[in-house]
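Engineer: Following this message is one structure expressed as structure tokens.
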Amino acid sequence: MDLKKHRRYFALALGFVTLLLASSTGKVSRSDAGQSAALTNQRTVWTLVWSDEFNAGDGSVPDASKWTFETGGNGFGNQELEYYTSRPQNAEIRNGNLVITARREHFTGSDHVTREYTSARLSTSKKFAQTYGRFEARIKIPYGQGMWPAFWMLGDDISKIEWPGCGEIDIMENIGREPSIIHGTIHGPGYSGAKGIGSPFAFPDHRRFANDYHVYAVEWSPSEIKFYVDDNLYATRTPADLPPGTKWIYDHPFFIILNLAVGGSWPGSPDANTTFPQKMLVDYVRVYKRSGD
């Protein structure tokens, strides 16, 4: 096990100690809460129910019992420029991370679609979905015009009622021309696409998100969805935020998606300054339920 993983498990152990202290004193210090944000805040105790720590050996493919590759070059409704493959060149385990790599290369898939970029898109569809809880991932995103990393969720009834009726929760999206901003957004019938209800987040010092790993999370309950970066709560969505006549549809299981898109209607195309390959590093994905739920 590498040093990074030792540190992570030490932090988890510290989190459990914090929980014990919280139960006996009713208090959690701000510094401890930051270190154990996945486990507790001053109001809620969380129980881990699903995770992928990406601890397999270097060169391994993502765990097929947890993840499905979504492949193709059809633009995925966003005019994206990449072809999503299931090749290790585009998604593999390295140094305790899931590494999603976008490459500039001429590629033709089995569907005879040809693209000039490749990347990967993984989901837990048909393998894991949950209603409510805390969904988080520790990610280091790439930087460059035309890059579009995302950690998000879709309602697992999408095959029956399609998008946006199934609902969408974008936990983290970034577009390369905004290196110091990430976005958290919800989409549903009557408030989808460019009309999605979202909020941006930037650190006060406007540092690039690509400079380091950050924990991106939502805490989702029947009446609200809270968006976090590290221990910073930056947006809370409730039914009161919806346009008149539209419906709050976040009351059923959602599955998880990780992807690194190239180009598209929102980020625009790569330019002469965009370097390849580009990498999105995912240290872990974890899902919790509130204790007692």
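Engineer: Restricting attention to strands (runs of 3 or more DSSP E) lying wholly within the stretch 47-166, give those where 3 or more residues are of a type outside the set (K, R), assigned by TED's automatic domain parsing to the domain that holds F276 and buried (at least 16 other Cβ atoms within 10 Å of the Cβ).
Structural biologist: Numbers: elements: 82-84, 91-94, 97-108, 114-119, 121-123, 133-140, 147-155.
Result: 82-84, 91-94, 97-108, 114-119, 133-140, 147-155.
Engineer: Could you tell me which numbered condition V287 fails, if it satisfies all but one of (1) surrounded by 18 or more Cβ atoms within 10 Å (Cβ to Cβ); (2) touching a Ser or Thr at 6+ places or on another chain (Cβ under 8 Å); (3) farther than 18 Å from G155 by Cα?
Structural biologist: (3)
Engineer: Assess whether G167 counts as being modelled with pLDDT of 95 or more, on the phi > 0 side of the Ramachandran plot and not basic (K, R).
Structural biologist: On the way: modelled with pLDDT of 95 or more: yes; on the phi > 0 side of the Ramachandran plot: yes; not basic (K, R): yes.
Yes, satisfied.
Engineer: If you don't mind, another one. Identify the residue in the stretch 224-247 that is surrounded by 13 or more Cβ atoms within 10 Å (Cβ to Cβ) and assigned to a loop (DSSP other than H, G, I, E, B) and, among all such residues, is nearest to the chain's Cα centre (by Cα).
Structural biologist: D230
Engineer: Only one residue in S221, S180 is surrounded by fewer than 21 Cβ atoms within 10 Å (Cβ to Cβ), without any contact (Cβ under 8 Å) to a residue 40 or more places away in the chain and among the polar types (S, T, N, Q). Which one? Even if it seems obvious, please write down each step before you answer.
Structural biologist: Details: S221 fails: without any contact (Cβ under 8 Å) to a residue 40 or more places away in the chain.
Going through S221, S180 in turn, the sole match is S180.
Engineer: Can I ask one more? If you take the residues of the stretch 248-269 that are part of a loop (DSSP other than H, G, I, E, B) and touching a Leu at 6+ places or on another chain (Cβ under 8 Å), which of them is farthest from Y117 (Cα to Cα)? Please lay out each step first, then the result.
Structural biologist: The first filter runs over the stretch 248-269 and keeps only residues part of a loop (DSSP other than H, G, I, E, B), leaving 248-253, 263-269.
Of the ones still in play, those that are also touching a Leu at 6+ places or on another chain (Cβ under 8 Å) are 248, 263-264, 269.
Working: W248: 37, G263: 10, G264: 12, S269: 11 Å.
Filtering the stretch 248-269 for residues that are part of a loop (DSSP other than H, G, I, E, B) and touching a Leu at 6+ places or on another chain (Cβ under 8 Å), the one farthest from Y117 (Cα to Cα) comes out as W248.
Engineer: Condition check: outside any strand (DSSP E or B), crowded, with 19+ Cβ neighbours inside 10 Å, among the β-branched types (V, I, T) and within 15 Å of the chain's Cα centre (by Cα). Does I186 satisfy that?
Structural biologist: Numbers: outside any strand (DSSP E or B): no; crowded, with 19+ Cβ neighbours inside 10 Å: yes; among the β-branched types (V, I, T): yes; within 15 Å of the chain's Cα centre (by Cα): yes.
So I186 does not fit the description; no.
The values are calculated or read from the model by the stated rules, or taken from the named source; none is laboratory data. If you're wondering where the values come from, they're calculated on a predicted model, not measured in any experiment. Using ideal geometry, Cβ is built from the backbone for each residue, glycine included, and neighbour counts are taken over all protein chains shown.
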